[in-house]
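K.L.:
Sharing a structure with you now.
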Amino acid sequence: NSGVMSLLRPLLLDVVPTIRQTAALALGRLANYNDDLAEAVVKGDILPQLVCSLSEQNRFYKKAAAFVLRAVGKHSPQLAQAIVQCGALETLVICLEDFDPGVKEAASWALGYIARHNSELSQAVVDAGAVPLLVLCIQEPEIALKRIAASTLSDISKHSPELAQTVVDAGAVAHLAQMILNPDAKLKRQVLSALSQIAKHSVDLAELVVEAEIFPVVLTCLKDSDEYVKKNGATLIREIAKHTPELSQLIVNAGGVAAVIDCIGSCRGTVRLPGIMMLGYIAAHSENLSMAVIVSKGIPPLCACLIEEHEDHIKAAAAWALGQVGRHTPEHARAIAVANVLPTLLAMYMDTHSSEDLQMKASIFTKKALKSILQKCTYLPALEPLLHDAPPNIMKHIVGQFSKVLPHDSKARRLFVTTGGLKKIQEIKAEPGSLLQEYIDTINNCYPEEVVR
């Protein structure tokens, strides 16, 4: 408000190097603060000045200038575009070859903040020739430089398969894979994130990441003391598992399912989410893979997530994953029913169904999970308690299962009378001619009329 910007600008041209770099640092801190101040730096015509100075000799000044560019570029695609238009990318890429690791780091950071916004800006960074130099930076001895370079490769890869392919073609995957065992947690986070962003796009890219021999090494990350390393490790495994049954089978063979199940059991909150999703993806592919999740004792921790977690999206993910496990055959559904999940799912559905928009998604996932498990479940003791609480749209699936089993099972028919199930069936109000009414008639026809009455 005091007009400091216009006073700082001439100082960027001062004869004293320390004044030049301190003025740049002041501008960077102002621009970092919010997007209005970053706009002011752009409007004050300060960027061309900075770009000129990036090609100067003084390493301190280069770092300060790169810091201003990063501070401006981080706020929005429009501000990042302004940096691209003033020709900064080429100069920043030249800084990636600088002798001083601090200058490389500052340049890499600025490029990452520009690339993260969208695929056009990311493509501009690629076209300026940044990727091969970033791959050299991750091989440098300085940990801080490795971290930022890996993070920037992650930001470039995330937008599209083509951009990820560019990073792969520059030979990044092999170097990233070697760093999974690095003792530095922050570096591991970035490395795992970069590999996930590459693997997520297509089967081919996921296979390239797997071929870099990340298994079983990556499973050690699930036991890491750093929450983000755990989370990013699970995310990487999830991004590989989702593509094909073959890739999922490979994860199962490497012991990945058991490792992820341990990980879900040992942590709380959003750290669990990628692991939950990964179990769902694996179970979704085939009966055998779903059975692998059941045999590895995957159902109890997923149930625990339904009960312990407060965030709707985590509960919804756990419900979805259980649905994927239980939807294949009566045997799969029974494994879930025996774990006593169905009442929890039903209560959750009733709870989310009645409330606001935020929970629409949770409600849809829970309903789908319930339906897919119920349609396969022939384990009647687990279904019977639900007869007393279920809303009509769920009720028809429950009654439908009874109508399939009871006609062929005399023991179940007797039990159904003594536990009061048949009485409950008579209390259900069904539309004449509806599917629910058909199911009720089928059940009633299994019994002599006086029993029904």
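The values are calculated or read from the model by the stated rules, or taken from the named source; none is laboratory data. Small disclaimer: the values here were computed from a predicted structure and weren't measured. So basically every Cβ, Gly included, is an ideal-geometry build from the backbone, and we count neighbours across all protein chains shown. To get the accessible areas, we keep the full protein, side chains included, count just its heavy atoms, and leave off ligands, DNA and RNA. Shrake-Rupley method; radii C 1.70, N 1.55, O 1.52, S 1.80 Å.
K.L.:
How many residues are open to solvent by 10 Å² or more (accessible area, probe 1.4 Å), farther than 12 Å from A185 by Cα and part of a helix (DSSP H, G or I) when one looks only at the range 232-242?
P.N.:
We begin by selecting, within the range 232-242, every residue open to solvent by 10 Å² or more (accessible area, probe 1.4 Å); these are 232, 235, 238-239, 242.
If we keep only those that are farther than 12 Å from A185 by Cα as well, we get 235, 238-239, 242.
Still in the list and also part of a helix (DSSP H, G or I): 235, 238-239.
Qualifying residue count for the region: 3.
K.L.:
Scan the range 201-209 and give yes if some residue there is within 16 Å of A172 (Cβ to Cβ), touching a Lys or Arg at 6+ places or on another chain (Cβ under 6 Å), open to solvent by 30 Å² or more (accessible area, probe 1.4 Å) and assigned to a helix (DSSP H, G or I), otherwise no.
P.N.:
No, the range 201-209 has no match at all.
K.L.:
Related question: When both residues are 6+ apart or on different chains and their Cβ atoms are under 8 Å apart, which pairs have a first residue that lies in the range 20-32 and is closer than 16 Å to W109 by Cα and open to solvent by less than 40 Å² (accessible area, probe 1.4 Å), and a second that is part of a helix (DSSP H, G or I) and of a type in the set (F, W, Y)?
P.N.:
The qualifying pairs are G28/F67.
K.L.:
Has the range 5-14 got at least one residue that is more than 20 Å from T152 (Cβ to Cβ), open to solvent by 60 Å² or more (accessible area, probe 1.4 Å) and of a type in the set (G, A, S)?
P.N.:
yes
K.L.:
Please report, ordered by residue number, the helices (runs of 4 or more DSSP H) entirely within the range 82-138 with at least 3 residues that are modelled with pLDDT of 95 or more, over 24 Å from V42 (Cα atoms) and out of contact with any Ser or Thr (no Cβ under 7 Å at 6 or more places or on another chain). Explain how you work it out, then say what you get.
P.N.:
Details: elements: 88-95, 101-115, 119-127, 130-137.
So the answer is 130-137.
K.L.:
Taking K371, is it surrounded by fewer than 22 Cβ atoms within 10 Å (Cβ to Cβ) and within 33 Å of the chain's Cα centre (by Cα)?
P.N.:
Working: surrounded by fewer than 22 Cβ atoms within 10 Å (Cβ to Cβ): yes; within 33 Å of the chain's Cα centre (by Cα): yes.
Yes, satisfied.
K.L.:
Let me spell it out: the conditions are (1) open to solvent by 40 Å² or more (accessible area, probe 1.4 Å); (2) more than 15 Å from S248 (Cα to Cα); (3) of a type in the set (A, V, I, L, M), and M291 meets all of them except one. Which number is the exception?
P.N.:
The one condition M291 does not meet is (2).
K.L.:
Okay, moving on. Could you look through the range 429-447, keep only residues that are outside any helix (DSSP H, G or I) and open to solvent by 70 Å² or more (accessible area, probe 1.4 Å), and pick out the one that is nearest to T418 (Cα to Cα)? Walk me through it before giving the result.
P.N.:
So in the range 429-447, the residues outside any helix (DSSP H, G or I) come out as 429-434, 445-447.
Next, only the ones that are open to solvent by 70 Å² or more (accessible area, probe 1.4 Å) stay: 429, 431-433, 445.
On the way: K429: 22, E431: 27, P432: 27, G433: 28, N445: 17 Å.
The residue in question is N445.
K.L.:
Another question about this same structure. If a residue has to be of a type outside the set (A, V, I, L, M, F, W, C) and either under 17 Å from the mean Cα position of the chain (by Cα) or surrounded by fewer than 18 Cβ atoms within 10 Å (Cβ to Cβ) (or both) to count, how many in the range 310-340 make the cut?
P.N.:
9
K.L.:
Go through the range 204-216 and give me each residue that's aliphatic (A, V, I, L, M) and farther than 14 Å from I251 by Cβ. Lay out the reasoning, then the answer.
P.N.:
Within the range 204-216, the first condition is being aliphatic (A, V, I, L, M), and the residues that meet it are 205-206, 208-210, 212, 214.
Result: L205, L208, A212.
K.L.:
Check I156, I148 and return the single one that is within 26 Å of the chain's Cα centre (by Cα), open to solvent by 10 Å² or more (accessible area, probe 1.4 Å) and within 25 Å of D184 (Cβ to Cβ). Before you say what the answer is, go through the steps one by one.
P.N.:
Values: I156 fails: open to solvent by 10 Å² or more (accessible area, probe 1.4 Å).
Residue meeting the stated conditions: I148.
K.L.:
Which ones in the range 57-71 are open to solvent by 10 Å² or more (accessible area, probe 1.4 Å) and in contact with a helix residue (DSSP H, G or I) (Cβ under 7 Å, 6 or more places away or on another chain)?
P.N.:
N58, R59, F60, K62, K63, F67, R70
K.L.:
Here are M395, M350, M360: which of them is free of Cβ contacts under 8 Å to residues at least 12 places away in the same chain and closer than 30 Å to H310 by Cα? Can you show your working first?
P.N.:
Numbers: M395 fails: free of Cβ contacts under 8 Å to residues at least 12 places away in the same chain; M350 fails: free of Cβ contacts under 8 Å to residues at least 12 places away in the same chain.
Answer to the selection: M360.
K.L.:
To continue, here is another question. Within the range 290-305, is there a residue that is within 12 Å of the chain's Cα centre (by Cα) and farther than 15 Å from S196 by Cα?
P.N.:
Taking the range 290-305 and keeping what is within 12 Å of the chain's Cα centre (by Cα), we get none.
The answer is no; no qualifying residue exists.
K.L.:
Restricting attention to the range 379-420, which residues are assigned to a helix (DSSP H, G or I), over 15 Å from Y439 (Cα atoms) and of a type in the set (S, T, N, Q)?
P.N.:
Within the range 379-420, S410, T418 qualify.
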